[in-house]
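Student: This is the structure I have questions about; it appears just below.
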Amino acid sequence: MAKVVKFGGSSLASAEQFKKVGDIIRADKDRRYVVPSAPGKRYKEDTKVTDMLYGCYALAEKDMDFSNELSAIRERYEEIISGLNLKLSLDREFDAIAKNFTDKAGSDYAASRGEYLNGIVMAEYLGFEFIDAASVIFFDDEGAFDADKTNNILGSRLSECENAVIPGFYGSYCDGRVKTFSRGGSDVTGSIVAKAVKADVYENWTDVSGFLIADPRIIDNPQGIDTITYKELRELSYMGASVLHEDAIFPVRKEGIPINIRNTNMPEDNGTWIVGSTCQKSRYVITGIAGKKGFCAINIEKDMMNSEIGFGRKVLQVFEENDISFEHVPSGIDTMTVFVHQDEFADKEQKVVAGINRSCSPDSIDIESDLALIAVVGRGMKSARGTAGRIFSALAHSKINVKMIDQGSSELNIIIGVTNDDFEDAIKAIYDIFVLTRL
Ligand code: ASP
């Protein structure tokens, strides 16, 4: 049995946090492969080591003195090393980093040192082997993650080790140059490692006890989610719910390896299980609610639109030509509405309108801005009657005007458009009806 355990930055921000992590790993001998992030914030105003590294390298790039900034980074590690009573010197590492910064090794290299150094400290602390991610995780020349090469090399390398620490967030190009994933990418590394060792579970340890049904900035103390499917999670994270990097589900999803989100500060909590499919009913009809503000709706009207073959294609082509992606396209008999991100659309608005006029000759085009989209997601919706009705009566009770409704064909989600101003109240109304009152 093998478990891959990834620890986020806040779980590794200090020696005290490292000790909690050590206890968690030692409590279960199946926790054999460890993927650490760089040290995160120790308190609210603190700076993550990754951000310190970006800042430090920005000076190096301008040929400015960066020694104070590099010393401040080093102090973060020394504090951890001495707090853990380790006899570990990072002299050689920091000499190499200073030299490579001066030689302008690149900001990816710079940022990756946060995980690299933390991996060395972690391996020493646990007595596990350290494996540099640059030697086992690969990107192709275009910078795309090379899944096959990585899986082969990483898989065979790890088959030789009983235990190992593999730093998160980075890998290398064919020529050896370091490349990072996007921010938060240690989650992705954890998933890649889990796939390579065919882990039984990928535990992702962070500072919350899993996913919440709704955003705690909007709902006071929202309930947690026990089990969520990959598909549900995709829908929610696309709509802004965050805990896990978006790309982290892909490597494990195909292999059917579950992800368990856990809290380093409350290890006894079960957290959230992310699974392929489950017979476990979610506690409520809905699994989660998420949403985003800042959309525009372009309403296009034309008599007999319905019978004009190719109308929709021509409209969407105008958006494509202007490099704007669309979110939803609800349509009626003589109307079609295209939802887009306001910030992508604002500058190109008149070009798009002119383009639609030219290619489709509509009767009218009307643009509405400052709209929000809310996704109500749940595998339970398929078999529950009246879900949409409940949502809309709750919204009506809260005097919220619904601008758009779109039920995905998978019956996994219902998307609702409201004004930005109604966004928070709409989420509260939906949460109340499904979770608090359970009508
Ligand atoms: N340390 C990196 C970041 O701050 C990667 C990670 O934590 O996953 O984005």
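Student: So Arg76 passes all but one of these: (1) outside any helix (DSSP H, G or I); (2) within 16 Å of the ligand (Cβ to nearest atom). Which condition number does it fail?
Tutor: The one condition Arg76 does not meet is (1).
Student: Here is a follow-up. Output the number of residues of segment 391-412 satisfying the condition of being modelled with pLDDT under 90, closer than 28 Å to Thr229 by Cα and not β-branched (Val, Ile, Thr).
Tutor: Qualifying residue count, segment 391-412: 8.
Student: Given segment 135-247, what helices (runs of 4 or more DSSP H) lie entirely inside it while holding 2 or more residues that are open to solvent by 50 Å² or more (accessible area, probe 1.4 Å)?
Tutor: Output list reads 147-159, 230-238.
Student: Taking into account only those residues within segment 368-390 that are more than 30 Å from Asp226 (Cα to Cα) and surrounded by fewer than 17 Cβ atoms within 10 Å (Cβ to Cβ), which is nearest to the chain's Cα centre (by Cα)?
Tutor: Asp370
Student: Taking Arg113 and the conditions (1) assigned to a helix (DSSP H, G or I); (2) farther than 19 Å from Ser11 by Cα; (3) of a type in the set (Lys, Arg), which numbered condition does it fall short on, given that it satisfies the others?
Tutor: Condition not satisfied by Arg113: (2).
Student: OK, next. Take the residues in segment 1-38 that are open to solvent by less than 10 Å² (accessible area, probe 1.4 Å) and part of a strand (DSSP E or B), then tell me which one is farthest from Asn85 (Cα to Cα).
Tutor: Val4
Student: Sticking with this one: Is it the case that segment 140-156 has a residue that's within 12 Å of the ligand (Cβ to nearest atom), of a type in the set (S, T, N, Q) and either within 23 Å of the chain's Cα centre (by Cα) or under 19 Å from Lys254 (Cβ atoms) (or both)?
Tutor: No, segment 140-156 contains no residue that is within 12 Å of the ligand (Cβ to nearest atom), of a type in the set (S, T, N, Q) and either within 23 Å of the chain's Cα centre (by Cα) or under 19 Å from Lys254 (Cβ atoms) (or both).
Student: Out of segment 279-316, which residues are closer than 30 Å to Asp432 by Cβ and open to solvent by 50 Å² or more (accessible area, probe 1.4 Å)?
Tutor: Within segment 279-316, Cys279, Gln280, Lys281, Arg283, Lys292, Lys293 meet the criteria.
Student: Next up: Here is a check on your reading of the model: is Ile131 within 16 Å of the ligand (Cβ to nearest atom) and either touching a Pro at 6+ places or on another chain (Cβ under 8 Å) or open to solvent by less than 60 Å² (accessible area, probe 1.4 Å) (or both)?
Tutor: So Ile131 does not fit the description; no.
Student: Let me ask something else. Given the conditions (1) crowded, with 21+ Cβ neighbours inside 10 Å; (2) more than 16 Å from the ligand (Cβ to nearest atom); (3) of a type outside the set (A, V, I, L, M, F, W, C), which single one is not true for Lys254?
Tutor: Lys254 satisfies every listed condition except (1).
Student: I need a count of the residues in segment 248-261 that are assigned to a loop (DSSP other than H, G, I, E, B) and under 20 Å from Arg183 (Cα atoms).
Tutor: 0
Student: Under 8 Å by Cβ, and 6 or more places apart or on different chains, what pairs join a residue from segment 166-186 that is on the phi > 0 side of the Ramachandran plot with one that is within 13 Å of the ligand (Cβ to nearest atom) and of a type in the set (Gly, Ala, Ser)?
Tutor: Every condition considered, the pairs that remain are Phe169/Ser37; Phe169/Ala38; Phe169/Ala111; Phe169/Ser112; Phe169/Gly114; Phe169/Ala133; Phe169/Gly185; Phe169/Ser186.
The values are calculated or read from the model by the stated rules, or taken from the named source; none is laboratory data. Because the structure is a prediction, the values reported are computed rather than measured. Cβ atoms come from the backbone with ideal geometry, glycine included; neighbour counts cover every protein chain shown. Protein only, heavy atoms only, side chains kept; ligands, DNA and RNA dropped before computing areas. Shrake-Rupley method; radii C 1.70, N 1.55, O 1.52, S 1.80 Å.
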